[in-house]
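The values are calculated or read from the model by the stated rules, or taken from the named source; none is laboratory data. Small disclaimer: the values here were computed from a predicted structure and weren't measured. Quick reminder, even Gly has a Cβ in these numbers, built from the backbone with ideal geometry, and neighbours come from all protein chains shown. Accessible surface areas use protein heavy atoms only, side chains included; no ligands, DNA or RNA. Shrake-Rupley method; radii C 1.70, N 1.55, O 1.52, S 1.80 Å.
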Amino acid sequence: MSTRVLVVDDTVLFRRIVSEVAAETPGVEVVGTAANGKLAMARLAALQPDLVTLDIEMPEMNGIQVLEAMAAAGMKAGVIILSSLTVRGGELTVRALELGAFDS
């Protein structure tokens, strides 16, 4: 039996990378993705994943609000927070974009 994962991030590139890495991990099945917290809540209810990778800063409903809504709804999926909220993380992202990295 595999661990069913929902990947939630508002950046397409991050969703793709996290999904690909997770899918290559033995015993892990990526069952869906969501671009914001509102979509994540709908997909959580429909897909019932075992694990969620969750960004903090997202439009419509941020990661903290998703966690609060999950708790209120009694959802038991594990959550891994993936975020670049640190100043250094933000600086590295901007630098990578300046050096030719792209965000689609």
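Tabulated values for the structure
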read-out	value
Some residue of the stretch 6-16 being in contact with a helix residue (DSSP H, G or I) (Cβ under 8 Å, 6 or more places away or on another chain) and open to solvent by 50 Å² or more (accessible area, probe 1.4 Å)	no
Condition met for GLU68 (under 18 Å from PHE14 (Cα atoms), surrounded by fewer than 17 Cβ atoms within 10 Å (Cβ to Cβ) and among the acidic types (Asp, Glu))	no
Conditions (1) in a strand (DSSP E or B); (2) farther than 20 Å from ILE17 by Cβ; (3) of a type in the set (Val, Ile, Thr): number failed by THR33	(2)
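Rundown of residues vs (1) touching a residue at least 60 places away in the same chain (Cβ under 8 Å); (2) touching a strand residue (DSSP E or B) at 6+ places or on another chain (Cβ under 8 Å), yes/no style:
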site	(1), (2)
THR25	no, no
VAL28	no, yes
ALA34	no, yes
ALA40	no, yes
ALA45	no, no
PRO49	no, yes
THR53	no, yes
ALA73	no, no
ALA77	yes, yes
